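*Asks:* Below are the structure tokens for one structure; questions will follow.
The values are calculated or read from the model by the stated rules, or taken from the named source; none is laboratory data. Computed from a predicted model, the values in this text were never measured in an experiment. As a convention, Cβ positions derive from the backbone with ideal geometry for all residues, glycine included, and neighbour counts pool all protein chains shown. The protein model used for the area step is the full one, side chains on, heavy atoms only, and it has no ligands, DNA or RNA in it. Shrake-Rupley method; radii C 1.70, N 1.55, O 1.52, S 1.80 Å.
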Amino acid sequence: MLDRAERGHRKLVEIKGLKMYFPITAGIFRSKVGDVKAVDDVSFDIYEGETLGLVGESGCGKSTCGRVILRLYDPTDGSIRIDGVELSDADSGTLRKLRPTMQMVFQDPQASLNPRMTVAAIIGEPLDEHSRLSKAEKLDRIYELMDAVGLNRNFANRYPHEFSGGQRQRIGIARALALNPKFIVCDEPIAALDVSIQAQVVNLLEDLQDRLGLTYLFISHDLSMVRHIADRVAVMYLGRIVELAPRDALYDRPMHPYTQALLSAVPEPDPEIETERKRIILTGDVPSPANPPKGCNFCTRCPKVMEICHNVNPPFRELEPGRFAACHLYEDTDTTAGKTAAQEELTSIQQGV
Ligand code: SF4
């Protein structure tokens with residue numbers, strides 16, 4: 001088990017150039033006429049024992065990103081390495097062996113639990129699939145998991161509908177923990193819960209992380225909760241990561257115009273700061289991932305858009321140690337020519353080279 005000070009030295013999850021395109025078909029022969037680019041060239045790492053928050057508006061591709069990392073979908077392109085093992089092209093046998101190390105906690109505990117199974121059967125299902133425990137050993141393990149997530153053992157033979165939303169999410173977390181995973185994708189785990197219960201579930205996830213040395217990808221649209229739980233935060237817009245930074249750096253000094261707009265909408269608990277808060281209102285709708293704009297994918301809504309943004313896709317690069325963003329505002333100039341690499345590219349496009 002790692003304590004917080006020891007965390008962050010080893011990359012457990014390495015994502016490079018990940019793409020997940022869903023084909024659009026039309027006509028009686030269902031021929032392909034395009035792609036929905038749900039995840040489009042995404043790269044990031046998650047260090048052992050850390051929580052990486054993944055935030056963005058609904059439909060930006062964050063849940064798809066989490067699912068493709070766990071190979072619930074077959075990626076279109078790119079590399080997924082978890083604990084040194086390449087998963088992007090792993091066959092079903094290899095994936096089955098790796099399943100115990102990587103698990104998911106779903107958004108809607110009601111929908112993700114089989115209503116016809118008892119709590120013991122739900123939590124014990126992964127053990128049936130992946131272990132050879134005797135009946136008594138399995139029951140011991142189920143009780144141990146129920147204790148770990150704060151569920152009363154006496155409820156092991158009850159059904160999901162007999163529990164509250166928060167308790168159902170605890171059942172989902174116990175099931176995810178059954179095989180001692182290293183990495184858990186938490187996909188909006190508190191979005192379907194009452195506000196009063198949300199903090200309890202987040203505290204449970206933090207407590208389990210400390211005790212078991214877990215690594216989380218915490219997907220959420222709730223920026224206040226991500227600020228509470230995440231060590232680093234990645235911001236996603238229209239299938240791409242636009243900024244990634246340590247939590248405090250990102251919340252104190254967001255660099256990408258989209259992150260600035262997102263954070264300007266978060267209310268401040270301090271009334272004095274709240275009265276001075278200036279909200280950045282974005283105009284226009286989020287473009288369709290089936291037809292993203294040319295150049296920077298935020299160019300149709302960005303308050304700081306420049307000519308270059310409509311033509312050249314800004315590279316996602318490290319601007320300061322540990323801080324990454326994709327924006328032409330932060331391009332280095334090439335001192336000999338007095339132009340950035342992106343400006344050179346724009347000139348080439350304009351000259352038709
Ligand atoms: Fe805005 Fe241009 Fe930066 Fe995109 S590259 S976020 S359009 S300034």
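*Asks:* Going through ASP89, ASP77, ASP108 one at a time, which residue ends up being under 26 Å from the mean Cα position of the chain (by Cα), at pLDDT 95 or above, among the charged types (D, E, K, R) and farther than 21 Å from GLY213 by Cβ? Walk me through it before giving the result.
*Replies:* Numbers: ASP89 fails: at pLDDT 95 or above; ASP108 fails: at pLDDT 95 or above.
Exactly one of ASP89, ASP77, ASP108 is under 26 Å from the mean Cα position of the chain (by Cα), at pLDDT 95 or above, among the charged types (D, E, K, R) and farther than 21 Å from GLY213 by Cβ, namely ASP77.
Results for (1) crowded, with 20+ Cβ neighbours inside 10 Å; (2) in a helix (DSSP H, G or I), shown as yes or no for each residue.
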residue	(1), (2)
ARG116	no, no
PRO126	no, yes
ARG175	yes, yes
LEU208	no, yes
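*Asks:* Still on this structure, I have one more. ARG323 passes all but one of (1) modelled with pLDDT of 85 or more; (2) open to solvent by 80 Å² or more (accessible area, probe 1.4 Å); which number fails?
*Replies:* (2)
*Asks:* Step by step: first the residues of the range 237-256, then only those that are part of a helix (DSSP H, G or I) and touching a Lys or Arg at 6+ places or on another chain (Cβ under 7 Å), then the one that is farthest from the ligand (Cβ to nearest atom). Which residue is that?
*Replies:* ARG247
*Asks:* Another question about this same structure. For the range 257-310, name all the residues that are more than 8 Å from the ligand (Cβ to nearest atom) and among the β-branched types (Val, Ile, Thr).
*Replies:* THR259, VAL266, ILE273, THR275, ILE280, ILE281, THR283, VAL286, THR300
*Asks:* Which residues, counting only those in the range 283-300, are without any contact (Cβ under 8 Å) to a residue 24 or more places away in the chain and either surrounded by 14 or more Cβ atoms within 10 Å (Cβ to Cβ) or not in a loop (DSSP other than H, G, I, E, B) (or both)?
*Replies:* If the condition is that a residue be without any contact (Cβ under 8 Å) to a residue 24 or more places away in the chain and either surrounded by 14 or more Cβ atoms within 10 Å (Cβ to Cβ) or not in a loop (DSSP other than H, G, I, E, B) (or both), then PRO293, GLY295, CYS299, THR300 are the ones that fit.
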